[in-house]
1. Which whole-number percent is the relative contact order of segment 54-157 (Cα, under 8 Å, 6+ apart)?
2. Who wins for biggest fluctuation among 242, 39, 74 in a Gaussian network model of the chain, springs between alpha carbons below 10 Å?
3. Once both labels are modelled 7 Å past Cα along the beta-carbon direction, what's the residue 33-residue 165 spacing in nm?
4. Under 10 Å, Cα contacts only: if you run a Gaussian network model on the chain, which one of 256, 140, 329 comes out with the highest mean-square fluctuation?
5. Taking 0.36 nm per residue of sequence separation and subtracting the Cα-Cα distance, how much length would be gained by fully extending the chain between residue 49 and residue 328, in nm to one decimal?
6. Across the Cα atoms of the chain, what radius of gyration and what greatest pairwise Cα-Cα distance (Dmax) are found, in Å?
7. Compute the separation of the alpha-carbon centres of segment 178-197 and segment 231-272 and state it in Å as a whole number.
8. Taking the Cα centre of each part, how many Å lie between segment 57-109 and segment 113-145?
Ligand code: 13P
Ligand code: SF4
């Protein structure tokens, strides 16, 4: 097997620690204050009214605040993983989309629906993977390997997608890369090194990996997880593939946010250890109220917070921000037309593939489930 495992060290992302750290602190500083119940119900009522008046719909990711997830579901919007968010926004008839999530999700919606206006509660809500993959650095990386098919994760800027052949999300990355490998393609992958390594291991594809990481999933600790597993021997371990290899190796199910929710709802186990952003527990509890959900550890015994996996940028999404989108048209996402046109084809290619090959997707998803017996 011809595996290319060397990392493009010269294209590492040293700027992430500097930029990323500042941005993390800034993001936490911008987390909306929790509202008093009375104020909250007034704001929610007003948002519901305006969504109708302004022909708008709310699409939210599983990691945002539970009140926002509920609002999306109650108003005919959607709560989903990044693949389904993109699909829902594109297919919905509303003229205005409000995307509660992080910037790449809003940009993807705009790229797919230029005729719609797309808004976000806070335009500064970004992602460490996006921050760690500068478009100009990525262009140099690409230029050094012209013989490779360029596959980028959804968690990138429009300017990076504009340079890609394929966009993938964690729901479909395995199926798409597997297909590319069958076609004899060599792959240049960016930016998540953990997801890239996992896909490489599962498919045996020849992949050259950018060296990015998610600051939330990178924090899960294998040693602590092992101890937790010993305390809960019947618990099924669910891990998002943005996590480090040692954590993924302990999983019963490795999959996207929607795959993890499906595992909780459909699995016969009663206890689940969940290694992803803790915002997902809201939906899991709603859909499977009798299951016991345990957050996977992000720190050792001496730490004050043993499990604090929450994305600082997802946390920036608040009800006031949504109200601002509707009342003042604040937070509008704009993508320059030449960039949008270039980025469009890699996203459409992914949407076409997932629509035309549900069988391959299901098969790949099955591959994610390492211990079916526990399900
Ligand atoms: P999903 O596509 O699995 O929802 O993941 C998005 C993400 O940002 C995970 O950190
Ligand atoms: Fe990005 Fe990680 Fe936040 Fe997901 S959880 S949006 S990958 S920083």
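None of the figures in this text is laboratory data; all of them are computed from the coordinates on show. In this text, all values refer to a predicted model and were calculated from it rather than measured experimentally. Glycine gets a Cβ as well: all are built from the backbone with ideal geometry, and neighbour counts include every protein chain shown.
1. Computed value for segment 54-157: 24 percent relative contact order.
2. Greatest mean-square fluctuation among the candidates belongs to 39.
3. Computed distance between label sites residue 33 and residue 165 equals 5.3 nm.
4. Ranking 256, 140, 329 by mean-square fluctuation puts 140 first.
5. This chain segment gains 99.0 nm when fully extended.
6. For the chain, the Cα radius of gyration and maximum Cα-Cα distance read 19.9, 62 Å.
7. Distance between centres, Cα-based: 23 Å.
8. About 18 Å separates the Cα centre of segment 57-109 from the one of segment 113-145.
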